[in-house]
1. Looking at segment 117-169, which chymotrypsin sites (Phe, Trp or Tyr not before Pro) are in a loop (DSSP not H, G, I, E or B) and have at most 15 other Cβ atoms within 10 Å?
2. Which loop chymotrypsin sites (Phe, Trp or Tyr not before Pro) in segment 219-250, with loop taken from DSSP, have no more than 16 other Cβ atoms within 10 angstrom of their Cβ?
3. By its C-alpha gyration tensor, with a ≥ b ≥ c as the square roots of the eigenvalues, how is segment 138-202 shaped: rounded for a/c under 1.5, else prolate for a/b larger than b/c, else oblate?
4. Once both labels are modelled 7 Å past Cα along the beta-carbon direction, what's the Gln30-Ala204 spacing in nm?
5. Compute the distribution of all C-alpha to C-alpha distances in segment 205-246, in bins of 10 Å from 0, and list the percent of pairs in each, rounded to whole numbers.
6. Which value results for Rg/Rh of segment 6-66 when Rg is the Cα radius of gyration and Rh the Kirkwood radius based on the inverse mean 1/r?
7. What's the exposure ranking of Thr46, Thr139, Thr196, going from fewest to most Cβ atoms within 10 Å?
8. For Asp58, Asp17, Asp232, which order do you get if you count the other beta carbons within 10 Å of each Cβ and list the fewest first?
Amino acid sequence: MAAPAISVQGLTKHDGDLVAVQDVSFEVPQGQVFALLGPNGAGKTTTVEILEGFRKGDNGEVRVLGFDPSARRTARDFHHRLVLVQRRENGQLKRLRLSPLPVAAFLGGLILNVLVICAVQIAALLALGHFAYHDQLATNWAALPIAIVVGVVCFVSVGVGVSALVPNQESGAPIINLVFFVLVAISGIWFPIAGTSGLAKFAAYLPIRHFVLAVFAAFDHSPGASPWAWPDLRVLVIWAAIGILLAVRRFSFEPRRR
């Protein structure tokens, strides 16, 4: 028997002293339409927002397609890839295809969406680091945004390209988890790796480590250090070209398998 698309067990959510949702449990099988009914103040909107990942429950367990939706912000880098697969398999992209929306506008919208989110988050982090912890700001305010823009274009393009290789919704999470978390782990994001190690040499062929180095270069205050990490930016551009080529050749608005 297939796992349910949505599983909620003992969900409870408080808004201050108000119990917005209390011990709610239900399951929604795959391929079925589910209606959440109730009077005003019953907690319908709160429950849906928790399912969407915009809020987190205080108690209980929530799973959407096998994932805790509240954890999606910690995995935003692969979120768009997974969502693309889900929308394709649910036929949403097919409906977009039947509308006047061009493919370029759809993909461009994804890139612009990520750029806006990144800009807001980076500005908030820089302000917090500078005023609360007295961190030094970038040495070159042109190098930093260019590194961010090139990185966003690279990762969105690769993300769309990877989603084109995912055959169906069920295999989307395992494939994307494998690609994303393995790449992050071996790129020195979670722990430092020696530059002369075999792991670092292998990660040098992948885009994540180069993106980190390109961003760090903009904050390097060492005497004579250049804020422009041109070799790292070139690698990102190459990966972006690979992702765009893969997306153009393989991406489909049509579901692969129903």
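1. Details: sites: Phe131, Tyr133, Trp141, Phe155; in loops: Trp141.
For chymotrypsin sites (Phe, Trp or Tyr not before Pro) across segment 117-169 that sit outside H, G, I, E and B with at most 15 neighbouring Cβ atoms in 10 Å, the list reads Trp141.
2. Filter output for segment 219-250: Trp228.
3. Numbers: a/c = 3.02, a/b = 1.32, b/c = 2.29.
In terms of gyration-tensor shape, oblate.
4. Result: 4.3 nm between the two label points.
5. 31, 45, 20, 5, 0
6. 0.95
7. Details: Thr46 20, Thr139 16, Thr196 7.
Listing Thr46, Thr139, Thr196 from fewest to most nearby Cβ atoms yields Thr196, Thr139, Thr46.
8. Going from least to most buried by this count: Asp17, Asp58, Asp232.
FYI, it's all coordinate maths here, none of it is from the lab. Note that the coordinates shown come from a computational prediction; the quantities given were computed from them, not determined experimentally. All Cβ positions, glycine included, derive from the backbone under ideal geometry; neighbour counts span all protein chains shown.
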